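Beneath this line is the structure, given in structure tokens, with notes to follow.
The values are calculated or read from the model by the stated rules, or taken from the named source; none is laboratory data. These figures come from a predicted structure and were not determined experimentally. Neighbour counts are summed over all protein chains in view; Cβ atoms, including those assigned to glycine, are modelled from backbone coordinates with ideal geometry. Ligands, DNA and RNA are stripped out before the accessible areas are found, and what is left, the full protein with its side chains, is counted by its heavy atoms. Shrake-Rupley method; radii C 1.70, N 1.55, O 1.52, S 1.80 Å.
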Amino acid sequence: MYGNDFGPKITADGDAGDDPALLDGFQRTLDAGERIEPRDAMPAGYRKTLIRQIAQHAHSEIIGMQPEGNWITRAPSLRRKAILMAKVQDEAGHGLYLYAAAETLGASREELLNLLHDGKQKYSSIFNYPTLTWADMGAIGWLVDGAAIVNQVPICRCSYGPYARAMVRICKEESFHQRQGFEILDTLSGGSPSQHAMAQDAIDRWWWPSLMMFGPPDDQSPNSAQSMAWGIKRFSNDELRQRFVDMIVPQAKILRLALPDPDLRWNAETEHWDFGAIDWAEFFGVLKGDGPCNEQRVAHRRGAHTDGAWVREAALAYADKQATRTAEVA
Ligand code: BYC
């Protein structure tokens with residue numbers, strides 16, 4: 001399905017096929033802890049898995065602009081507005097780096113966007129929840145970007161070079177995003193009783209969906225084992241979820257906010273925080289399209305794509321003109 005324009009064709013679609021010599025080279029690169037680059041031979045499944053994950057990641061970044069963009073005009077001060085605008089622009093940039101990384105595997109941005117618009121590729125479950133109050137901007141920054149950092153820092157060491165390199169810059173920006181979320185919540189938590197209540201309400205609504213961001217439990221994660229063997233994922237979904245809980249619990253104390261889980265307690269034996277059961281029926285329902293905002297998010301994305309057609313056409317016409325001029329001069 002995907003061609004690779006970045007190097008010699010190994011098979012019709014640029015993959016190693018069953019050629020043992022090529023597959024051996026791929027495995028040796030992985031075993032040496034080195035990076036697979038676009039021109040290298042790779043198994044078709046490796047390419048397909050990367051395109052699936054990178055596309056889903058890119059889609060999450062651009063769909064993630066919607067719940068936050070919703071609050072730009074209602075930010076409570078000029079400073080907050082400027083910060084939120086910068087953050088939403090960062091998300092667009094993350095989408096661009098990731099679509100560009102997918103392009104090195106032979107999947108064009110247009111093709112991937114069509115798959116998103118047709119509901120054939122996913123984006124993160126978290127963005128199917130509504131942002132009801134200003135405190136939600138704090139909760140998204142602190143919890144959602146916090147979860148993103150925990151999930152994405154290991155991807156900086158992913159075996160595929162372009163994805164790993166894109167993640168380095170993304171993670172730096174995510175750190176700024178998390179701090180701005182923490183600061184919003186810290187301010188609200190220390191404000192009037194109703195501001196504190198608003199912050200607590202946001203945490204109550206975003207906590208469980210944030211835990212779901214890490215994906216299904218390991219025993220229900222069909223892709224994990226192979227992705228870990230290929231060095232695409234470095235840790236399992238449950239390992240990263242636990243790491244996130246361990247990071248957030250002490251931060252919640254500093255924020256003077258409670259996490260809505262009566263089963264949350266320190267386990268001296270494991271030296272981790274135990275937490276309560278996640279409602280996986282809710283997660284799979286959201287994945288199927290039954291979340292509170294699924295329809296709205298995809299409809300808005302399709303609308304934005306249609307409205308932006310003239311920009312793409314103008315850019316192409318300009319590029320054509322430039323190319324003609326350059327050819328004439330040459
Ligand atoms: N939401 O076998 P599994 C951000 C799907 S952006 C929706 O464990 P895998 C941010 C999964 O795709 C956050 N679908 O899969 C942006 C698979 O279905 P398919 C996005 C999910 O890939 C803006 C099926 O469930 N981050 O943080 O091994 C503003 C079985 O799962 C979810 C990334 O994309 C989910 N939560 O592991 C602020 C990071 N979880 O594709 C913040 C990169 C699972 O077979 N991605 N599914 O139909 C990853 O690390 C991995 O893809 C995942 C899932 C851990 C998410």
When you go through (1) more than 21 Å from residue 48 (Cβ to Cβ); (2) within 14 Å of the ligand (Cβ to nearest atom); (3) over 18 Å from the mean Cα position of the chain (by Cα) one by one for residue 198, which number turns out not to apply?
(2)
Could you please find all residues in the stretch 216-235 being open to solvent by 10 Å² or more (accessible area, probe 1.4 Å) and not in a helix (DSSP H, G or I)?
216, 217, 221, 222, 223, 230, 233, 234, 235
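Within the stretch 117-124, does at least one residue satisfy the condition of being among the small types (Gly, Ala, Ser), within 30 Å of residue 76 (Cα to Cα) and assigned to a helix (DSSP H, G or I)? Give the derivation first.
Keep residues of the stretch 117-124 that are among the small types (Gly, Ala, Ser), which gives 119, 124.
In the following step, the residues that additionally are within 30 Å of residue 76 (Cα to Cα) were identified as 124.
Those left that are additionally assigned to a helix (DSSP H, G or I): none.
No, every residue in the stretch 117-124 fails to be among the small types (Gly, Ala, Ser), within 30 Å of residue 76 (Cα to Cα) and assigned to a helix (DSSP H, G or I).
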Selection from the stretch 43-61 of residues more than 8 Å from the ligand (Cβ to nearest atom), assigned to a helix (DSSP H, G or I) and open to solvent by 10 Å² or more (accessible area, probe 1.4 Å) yields 44, 45, 48
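Just one of 140, 149, 155, 170 is among the β-branched types (Val, Ile, Thr), within 14 Å of the ligand (Cβ to nearest atom) and more than 25 Å from residue 81 (Cβ to Cβ); which is it?
Working: 140 fails: more than 25 Å from residue 81 (Cβ to Cβ); 149 fails: more than 25 Å from residue 81 (Cβ to Cβ); 170 fails: more than 25 Å from residue 81 (Cβ to Cβ).
Testing whether each residue is among the β-branched types (Val, Ile, Thr), within 14 Å of the ligand (Cβ to nearest atom) and more than 25 Å from residue 81 (Cβ to Cβ) leaves just 155.
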The lone condition residue 263 fails out of (1) without any contact (Cβ under 8 Å) to a residue 24 or more places away in the chain; (2) surrounded by 14 or more Cβ atoms within 10 Å (Cβ to Cβ); (3) within 28 Å of residue 132 (Cα to Cα) is (2)
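Restricting the search to the stretch 226-247, which residues are small (Gly, Ala, Ser), more than 9 Å from the ligand (Cβ to nearest atom) and free of Cβ contacts under 8 Å to residues at least 60 places away in the same chain?
Passing the criteria: only 229.
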Over the stretch 72-108, the set of residues touching a Gly at 6+ places or on another chain (Cβ under 9 Å), of a type outside the set (S, T, N, Q) and either modelled with pLDDT under 95 or not in a helix (DSSP H, G or I) (or both) is 105, 106
Pairs needed: first member in the stretch 111-123, touching a residue at least 12 places away in the same chain (Cβ under 8 Å); second member anywhere, open to solvent by 60 Å² or more (accessible area, probe 1.4 Å) and hydrophobic (A, V, I, L, M, F, W, C); C-beta distance under 7 Å; at least 6 residues apart or different chains.
122/287
